[in-house]
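The values are calculated or read from the model by the stated rules, or taken from the named source; none is laboratory data. Small disclaimer: the values here were computed from a predicted structure and weren't measured. Cβ placement follows ideal geometry from the backbone for every residue including glycine, while neighbour counts extend to all protein chains displayed.
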Amino acid sequence: MNRKIWFVVTFFALLVTGYVVVQYFIMDGFQTGLVKAKLMFGSKLSAFWYMMLFIHITTSIVALVIGPFTLSTRFRERNINRHRIVGRIYLVGVLLGGVSGLYLSFYATGGLVAELGFGLLSVFWLTSAYQALHRVKNKKIKEHRNWMIRNYSLTFGAVTLRIWLPLFIVLFGIERFELSYAIIAWLAWVPNLLVAELFIRKRFNKGKYEGNEDLHF
């Protein structure tokens, strides 16, 4: 990954974060958007559900914004302690976002297919974060970086979901929202993970992951 790609990823992460902040915390998105769609399709949402949604949104956007910096060599080399602090904050964001996301997946619009899609996303998000933490504690830095790449590809699902959603609505209409959302529950993260895996394998095959060499962006 070169610096241009890093800037593109960071730009979209910031763009979606700004959109989410405006939607949910300025325009009362807890009664509009996806929440309104759930209510429109007959979902009954409890106070606990709203609390978990709030936790999921706030912690996930923290992970989304700071994630690119945890992957940056320049950021790490300038101050390793800062890198570690940001990394811990990122993992806390993933932990809280993943647990709350797993709970919310049981209420996902789109039926069982959507529930499984978002549920597995949360499980893989949490387990890949654990793998990254476990590897760095055992000083397996190369493997740690690989798991962080996989993990952030799942975090970036917050971006790809919001790219696919309006496209599906335009193509298939709001009347097929449940079907569209069931597909997006998988489309938002599976391709991301595949791209991350291809990226890791490509760098490995080129011999760019020897020793302690890091990502050059």
Inset, instruction - Would you check if there is a residue in segment 71-79 being of a type in the set (Asp, Glu), part of a loop (DSSP other than H, G, I, E, B) and either at pLDDT below 95 or closer than 21 Å to Lys137 by Cα (or both)? - result: no
Inset, instruction - Inspect segment 202-212 for any residue being surrounded by fewer than 17 Cβ atoms within 10 Å (Cβ to Cβ), under 22 Å from Phe12 (Cβ atoms), at pLDDT below 95 and of a type outside the set (S, T, N, Q) and give the result as yes or no. - result: yes
Inset, instruction - All but one of (1) of a type outside the set (A, V, I, L, M); (2) surrounded by fewer than 15 Cβ atoms within 10 Å (Cβ to Cβ); (3) at pLDDT below 95 hold for His134, so report the exception by its number. - result: (3)
Inset, instruction - Report the residue count in segment 164-186 for those that are more than 16 Å from Ala37 (Cα to Cα) and either crowded, with 20+ Cβ neighbours inside 10 Å or in contact with a Pro (Cβ under 9 Å, 6 or more places away or on another chain) (or both). - result: 0
Legend entry - Meets criteria (charged (D, E, K, R) and surrounded by fewer than 19 Cβ atoms within 10 Å (Cβ to Cβ)) for Arg150: no
